[in-house]
Structure formats: structure tokens, C-alpha cells
Amino acid sequence: MDTEVYSFALKNALNEIQNICPDIKNAFMFREDGEIVAGDANTPEKTVVRVIDAFDGVLEKADALGGVESITLDSSKGRVSISCMNDLYLVTVTTKKADMNYVNTVTRVLIPTVLKLIEKISPAPLKNSLSEPEMKPEIPMERKPEELLHGYAEETTAKELREPVQTEIKPEAVLPEPPVSQFIVENIGGLLVPSDTVRVDNELISQWNELYPGKKINDVEIETFGGKSARCKIKPIKESKHEGKGAIQMPGKIQFTLEIKKGELVRVKPIVE
Amino acid sequence: MEEACLVGKKKSLQEVEAVTEPIAVEEATTVNSLKASLEAIKECDGVVGYIVRNATSASIDLKDPTKIIDYAILSSSALDAGKVLSELFDLGDASNIVVNGKSIKMVSLIVGESKVSLFMDRSADSEKVLRRLHEI
């Protein structure tokens with residue numbers, strides 16, 4: 001499983017939980033073995049480590065109780081809740097006035113849903129790249145391939161994909177692994193809309209550019225859960241009202257090529273060159 | 001004037017003495033009433049036992065004596081963890097920590113100078129138990 005994707009999705013989920021429940025002061029997740037999985041922006045790693053250390057003894061001896069399901073600490077100014085989800089522990093720190101029914105409803109629905117979704121989609125890229133190269137579509141040729149989708153599918157042959165990973169490592173591979181984001185497909189159309197370009201949040205493009213200083217991210221790879229993938233140009237979403245909604249604006253032609261439609265989920269990865 | 005001061009000092013000393021004695025009595029009473037309450041709580045549905053300890057003594061009453069060591073470590077770890085978390089997140093005084101296990105639930109809290117942990121079945125009403133303990 002791609003830990004980075006896992007972490008990224010959970011981190012976003014934790015931040016979203018805090019957006020809808022402002023009474024949650026801190027939220028983070030760790031594994032049974034003490035590994036930090038994801039944390040919100042408010043909680044320093046040092047604090048998370050201390051919490052994990054503090055509960056080490058409790059979790060170690062929890063077998064005597066049949067294993068831990070949840071832990072709740074009530075204090076005069078707030079509350080700490082630790083919920084066990086599979087082999088993960090979700091820690092939330094809330095204020096005294098927090099509506100715990102609401103907090104629990106949100107956390108116990110959203111996080112397991114994200115976890116389930118990640119579990120479901122995570123094997124897809126591995127499966128695609130190793131055993132289903134023929135699934136990569138070709139874009140109808142009205143323009144030259146490099147102008148449209150840069151001929152990604154054509155360049156990637158089955159033989160190349162089956163080669164060991166090491167053979168693909170080049171000197172520039174020291175760059176961090178491109179982060180994978182998930183988006184819901186939105187339609188975009190109009191006379192002036194290029195058919196080979198998708199639009200995502202400007203903030204995300206800035207993050208990618210920060211991640212790869214000196215490199216300009218002009219293209220992305222889009223993968224569907226059905227195993228199709230395509231390379232497209234990327235531009236920021238123009239209207240601010242559409243920003244921050246986790247959507248990718250996609251022309252009909254690309255949707256047709258990828259055999260997807262509005263409302264479906266896709267994975268998007270920046271291409272660093 | 002000086003005499004008045006001395007009288008005043010004497011008075012305040014007497015007051016201190018008068019106050020000190022009831023505190024000691026009160027502590028003893030608290031410990032006794034805590035033990036009495038725990039004995040009563042132990043008879044409640046689903047409660048499987050308790051551990052209570054202070055600086056000088058400890059008392060353990062569990063239906064399954066093979067669990068004594070595990071439960072004692074759990075009790076101590078949970079209370080220590082609660083203290084650490086309260087400090088880390090500036091949550092003030094910890095009032096209780098509940099560890100919901102898949103089969104047994106542990107409720108730990110500090111009553112006066114005593115650290116108390118109660119063990120009960122998962123379905124037992126821990127809120128009721130906590131209310132009774134906070135009444136002491």
C-alpha cells in the first residue's frame with residue numbers, strides 16, 4: 001500500500017473533520033505498533049509521540065480487557081477520545097462544550113469510510129501498471145498526440161511496464177514520489193476550453209510546485225478506478241466558488257476517453273519532468 | 001496593643017489546630033466511605049472488581065484473581081496516561097479515564113488521595129458507577 005496516499009487522504013479527512021467540528025482541537029492517527037499515520041496541522045509530531053508513549057502501557061496490557069475498543073479521558077477543560085479502527089487508533093481532543101454525539105458521528109463515519117475507500121482503491125495502480133497495460137486508452141486524433149494527451153498511452157508499452165522497477169530509476173528519481181490526490185469529476189465546457197486540459201485547485205498546483213522546486217508542473221496523470229489512465233495538461237480552476245471542493249474540472253473528450261462521467265472519482269498525480 | 005496582638009496570634013493558632021484535626025478525620029472518613037462505596041458498587045450488576053491504592057496502602061478485590069497483575073498495571077498506566085494527556089493538551093484536572101475493552105471496561109479516577117479503578121462488563125452502566133464515586 002502507498003503509505004503516502006494513505007497518509008495524505010487521512011490527513012485531509014482529519015482537517016475536514018476539524019472544519020466541520022471546530023470543537024475538535026487536535027486529531028491524529030497512529031498504528032498499534034506506534035507508527036504515526038496522519039495528523040492535523042495543529043498537532044506537533046512531538047506531542048503525538050508523547051501521547052503514543054503515554055498509552056503504550058495501556059495498549060500493551062489491553063489484552064486483559066479483550067483488546068481496546070475506545071478510551072475516553074474526561075478533564076475539567078476538555079476531553080480526549082481514542083477510538084480503535086482496524087489496527088489504527090484515532091485520537092481526538094475536544095473542548096468541554098463539544099457536542100460529543102456530533103463529534104462521534106462525524107469521526108466514526110468519515111474516517112472508516114476513508115479507510116475503506118483507500119483499502120479499495122489502493123491496489124489499483126499496482127494492478128494497472130503490472131498486469132493491465134493494455135487498458136491505457138488512446139485519445140482520438142484531432143490534433144497531434146503530444147498536443148492532446150502527450151501520447152502517454154502510446155509511449156508506455158506492456159514490455160516496459162513489466163520491467164523491474166529498478167530499471168526505471170534515473171538520477172532525477174531522488175525527487176519525492178509524486179503525491180496522488182483524489183478528485184470528483186466535474187464537467188467543464190465552452191468554446192474556449194481546451195479539450196486536453198483539466199482544472200484543479202490552484203492551491204494544490206502550488207503545493208506540487210513547492211514540492212518540486214525549480215520544476216514546473218504542467219501535466220498530470222489521471223487514473224480511473226476502472227483501470228484507465230491518461231496524461232493531460234493542468235490549469236488552476238478559474239472560479240473561486242468551485243475551489244476547495246475536491247473537484248477536477250474535465251472536458252467531455254477526456255471523460256469519454258477515460259470512460260468516466262461527472263461525479264466519479266479519479267486519482268491525479270503530477271508529472272515531474 | 002502588643003497584648004492584643006499576642007491574643008490575636010494565640011487565637012489564630014488555636015484556629016489552625018482546630019482546623020487541622022477535622023481534616024485528618026475527614027481524610028479517614030473519605031477513605032472509609034470510599035471503601036464502603038466500592039464494596040457497594042462491587043455488588044452492582046456487571047462489576048467484576050476494583051483496585052484502590054493510595055500512598056500507604058492498596059486494596060484489590062477482583063472476581064478473577066489471575067487478572068490482578070494485568071489489571072493493576074492497566075490501572076496505573078491509564079491514570080498516568082490521563083495525567084500526561086491533561087498536561088499536554090492543557091485540559092485541566094483529569095476527572096476520569098474510561099478504557100472500553102472488547103469484553104471488560106475499566107473506569108479509573110482519583111478520589112481524594114486514592115487512585116481507584118473499577119472493572120466491569122462491557123454492558124455495565126459506568127456512568128452510574130462514576131456518579132456514585134463522585135458523590136463521595
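For the peptide A:52-63, the mean number of other protein chain Cβ atoms found within 10 angstrom of a residue's Cβ is 6. Of the residues A:Y212, A:Y89, the one with the fewest other Cβ atoms within 10 Å heads the list, and the complete ranking is A:Y212, A:Y89. By definition, a body whose alpha carbon gyration tensor gives a ≥ b ≥ c is rounded when a/c is under 1.5, and segment A:3-121 falls into this rounded group.
Where does each of A:H242, B:H134 land when they are ranked from fewest to most other beta-carbon atoms within 10 angstrom?
Working: A:H242 14, B:H134 11.
Ascending number of Cβ neighbours within 10 Å: B:H134, A:H242.
Other protein chain C-beta atoms within 10 Å of residue C-beta, averaged over B:44-53: 0.
For the ranges B:73-82, B:94-103, A:94-103, what's the packing order if you count other beta-carbon atoms within 10 Å of each residue, average per peptide, and put the highest first?
Values: B:73-82: 22.7, B:94-103: 20.4, A:94-103: 14.1.
Order by mean packing, descending: B:73-82, B:94-103, A:94-103.
Can you give the FRET efficiency for A:N86 and B:S123, using 1/(1 + (r/R0)^6), R0 = 22 Å, r = Cβ-Cβ distance, to the nearest 0.05? Efficiency, from the Cβ-Cβ distance: 0.40.
Under the definition of partner shielding as Cβ atoms of other protein chains within 10 Å of a residue Cβ, what is the mean value for peptide A:66-72? Working shown, then result.
Working: counts 7, 3, 4, 7, 5, 10, 8.
So the per-residue partner count for this stretch is 6.
Assuming R0 = 56 Å, what is the FRET efficiency of B:A40 and A:V49, from their Cβ-Cβ distance, to the nearest 0.05? Taking R0 as 56 Å, the efficiency between B:A40 and A:V49 is 0.85. The alpha carbon centroids of segment A:1-41 and segment A:65-86 are separated by 16 Å.
Every number here is computed from the coordinates shown, using simple stated rules; none is lab data. For clarity, every value in this text was computed on a predicted model and none was experimentally measured. Cβ sites come from the backbone with ideal geometry, for glycine too, and all protein chains shown count toward neighbours.
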